[in-house]
Amino acid sequence: MSTPNGFPQHSRVCLTRSMEGGAVQDLQAKKAGKAAKKEAGGDGAPPKIGTPISETLKLLPEELKANMKIKSITPRPPRKPRLERAASLDEKSWRKWRRFRTSQESLTDPNETSSSNGSLQEASPSPPGRGRASPCSPCCQQDSLHTSPDALEASAGGKSRAGASDLGKRASEISSAFGGLLRGKGGKPRLSQIMPARPLPPMELNVASHSLRTANRIDSDCLDYRHYSQHKFGRVSSSLSDSRLQGNGTLYDNCSTDSMKSTFSVLTPIRAKDVRSRSYLEGSLLASGALMGAEELSRYFPNRNMGIFVATWNMQGQKELPANLDDFLLPTDPDFAQDMYVIGVQEGCPDRREWEIRLQETLGPHYVLLHSAAHGVLYMSVFIRRDLIWFCSEVEYATVTTRIVSQIKTKGALGISFTFFGTSFLFITSHFTSGDSKVNERKLDYNKTIQALTLPKNVPDTNPYRSSSSDVTTRFDEVFWFGDFNFRLNKDRETVDSILSQNPGTDVSKLLLYDQLTSEMSRGSIFKGFQEADIHFRPSYKFDIGKDSYDTTSKQRTPSYTDRVVFRSRYKDDIQAVKYSSCPVIKTSDHRPVFALFRVKVRPGRDNIPLAAGLFDRELYLIGIRRRATRELLKRREQKDQRSSSICSIS
């Protein structure tokens with residue numbers, strides 16, 4: 001705050017009592033004490049020299065009454081201030097005034113008590129009259145304020161009247177000088193911008209928490225991004241990049257760099273220098289800034305986890321395909337679709353291309369066919385979100401025939417492998433030897449597959465130190481093995497039917513006690529290092545085609561869990577099973593499709609791998625999308641015809 005003379009608020013108040021007019025002087029002293037208490041903002045304490053202005057102390061009421069009985073007070077001169085260099089009184093007062101004046105105060109507010117105009121208007125001191133206390137400015141607390149030599153000399157000599165008149169004259173001169181500096185055109189006060197004495201400390205621009213980041217998404221609760229940005233930043237049409245946000249070191253309180261990226265575009269802005277320096281296909285040994293690196297991975301997967309759908313189905317060679325595959329590929333339990341879909345088929349339909357078109361039609365335009373392969377009647381198709389095809393390596397595949405007569409390719413294995421960012425994947429679909437008692441033959445099929453499947457070929461191993469030449473499953477980070485393994489229940493049909501009738505729900509723990517695969521895996525004789533999610537569905541084999549009843553033919557085959565999905569990982573807890581179930585609504589085969597949903601951890605990689613560069617089956621994509629659009633149009637037309645046919649006229 002400022003005093004009427006335009007100086008900073010003094011931290012000391014001195015009262016001088018005159019010898020004449022005792023009663024009037026007492027009353028005046030009380031008023032002066034109240035005024036001092038009001039200016040100080042609270043109950044006062046004896047002032048101390050050297051206290052800062054922000055911690056100004058006041059006179060207590062008791063001390064004020066005691067001081068009123070003193071006839072005269074000889075002021076004590078303040079400590080001699082330390083001067084860095086000689087300066088005039090105008091310059092010193094101007095520095096002090098600028099120090100406690102903030103640039104955010106309104107200088108045009110007529111009601112503001114700290115306004116320069118108001119302070120200077122009240123600066124004319126009243127002449128000391130008889131019986132009134134006269135102010136003594138040189139005796140007040142200065143607190144690093146450079147006092148004029150005239151004022152100090154007046155206080156030392158005790159010439160209060162001469163000092164007051166000199167000070168008043170000097171104050172009027174300072175007021176004129178300050179008024180000339182503060183007044184611009186039109187008489188309004190103007191101040192130059194106050195710049196910091198030293199550079200501000202570096203601060204992190206990303207003030208948003210990690211969980212608030214959005215990846216290719218705009219929150220539904222914040223649909224007014226455009227209005228908000230226009231109101232706050234005053235520009236909407238121009239694109240906002242990271243460099244513009246970080247150029248002036250400004251830190252916004254309501255938004256961070258990451259959250260503002262989605263204000264003008266869903267896509268993340270790209271710096272021009274990054275476009276100049278990056279050369280993805282040549283490769284880079286640095287994970288930072290690489291196409292497969294941590295920056296791109298965090299952009300699409302902030303939690304480093306992706307969703308994978310893995311399914312197996314023995315189609316029994318049927319030509320007829322299900323009318324609708326939505327319940328199979330898009331179950332209603334999870335709220336969101338997965339990032340990758342891998343479907344393996346045993347004894348597939350004769351028209352493999354038609355099957356793939358049906359898959360594309362069901363998944364829609366958000367997914368593309370990354371790769372598909374076949375080995376006889378073994379099919380595998382890998383669909384991935386179209387945004388993610390740029391982060392895949394070249395796709396490789398290999399096959400193994402387990403039958404003695406290799407020309408008959410109904411039993412064997414088909415493997416597809418690739419690297420996604422820095423994580424290598426291997427998907428294997430198999431059809432092992434059938435028969436209730438042929439457990440050893442099935443174990444031989446497994447051993448032959450892991451030894452004869454020659455993958456990877458050109459794509460480098462992400463961790464060769466943990467690989468084995470005798471087991472293909474050790475050469476990849478994440479492995480999913482699914483198919484018709486043909487393991488049965490070691491129990492007769494009557495016992496199995498009895499257990500199923502007693503437990504019509506999902507409690508099948510009693511049946512799993514007789515499962516051959518569970519028993520062999522616990523012994524470590526097959527699928528070493530693999531895991532399987534808990535089973536809570538009924539056996540997927542063998543059904544009467546088109547019905548929900550198990551085999552009613554003369555063979556009376558025992559219901560079994562022949563169709564399975566198992567998985568393994570190089571790193572602990574990288575794969576989390578979310579759902580493991582079957583699809584009972586598809587009844588075109590004697591097997592029910594079995595699927596599993598996983599959450600898989602993905603790590604950043606390097607660009608020194610052969611990239612697929614966005615390669616996918618474009619022809620299949622266009623055919624599937626056209627069929628999907630045609631199906632929707634026909635569906636709407638049928639609904640329209642039904643509504644029109646339901647209207648009847650009454651004559």
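General remarks:
- Under the criterion of Cα pairs below 8 Å and six or more residues apart, the relative contact order for the stretch 294-628 equals 24 percent.
- Distance between the modelled labels on GLU441 and VAL578, one decimal in nanometres: 3.9 nm (7 Å Cα→Cβ projection).
- Distance in nm between pseudo-label sites at PHE530 and TYR571 (7 Å out along the Cβ direction from Cα): 2.3 nm
- Neighbour net charge for ASN503 - beta-carbon separation under 11 angstrom, K R +1, D E -1: +1
- Surface composition of the stretch 294-628: carbon plus sulfur atoms contribute 47% of the solvent-accessible area (1.4 Å probe, protein chains only, all chains present).
- Ordering of 583-589, 554-560 by burial proxy (mean other Cβ atoms within 10 Å per residue, highest first): 583-589, 554-560
- Segment ASP335-LYS547, extension gain: residue separation times 0.36 nm, minus the distance between their alpha carbons: 73.4 nm
- Each part gets one Cα centre, and for the stretch 516-574 versus the stretch 328-355 those centres are 19 Å apart.
- Above-threshold pairs, the threshold being 31 Å between Cα atoms, out of LYS448/LYS572; LYS510/LYS601; LYS409/LYS572; LYS411/LYS635; LYS457/LYS587: LYS510/LYS601; LYS409/LYS572; LYS411/LYS635; LYS457/LYS587
- Solvent-accessible area of TYR514, all protein chains in place: 70 Å² (probe radius 1.4 Å, heavy atoms, ligands and nucleic acids excluded).
- Debye intensity ratio in log₁₀ form over the Cα atoms of the stretch 344-487, taken at each q of 0.09, 0.18, 0.20, 0.21 Å⁻¹: -0.29, -1.08, -1.24, -1.31
- Highest-first arrangement of 325-336, 347-358, where packing means the average Cβ count within 10 Å: 347-358, 325-336
- Net dipole in debye of the stretch 294-628 [+1 Lys, Arg Cβ; -1 Asp, Glu Cβ; about Cα centre; nearest 20]: 540 debye
- A simple spin-label model places pseudo-atoms 7 Å from Cα toward Cβ; at LYS635 and TYR465 they are separated by 5.3 nm.
- Cα-Cα pairs of the stretch 294-628 separated by more than 25 Å (percent): 50 percent
- A straight line joining the Cα centroids of the stretch 461-488 and the stretch 367-409 runs 15 Å.
- For the set ARG637, ARG628, solvent exposure ranked by accessible area (probe 1.4 Å, protein chains only) runs largest to smallest as ARG637, ARG628.
The values are calculated or read from the model by the stated rules, or taken from the named source; none is laboratory data. Note that the structure is a prediction, hence the values are computed from the model and not measured. No Cβ is skipped: glycine too gets one built from the backbone with ideal geometry, and neighbour counts run over all protein chains shown. Remember, those area values only see protein heavy atoms, side chains included, never the ligands or the DNA or RNA. Shrake-Rupley method; radii C 1.70, N 1.55, O 1.52, S 1.80 Å.
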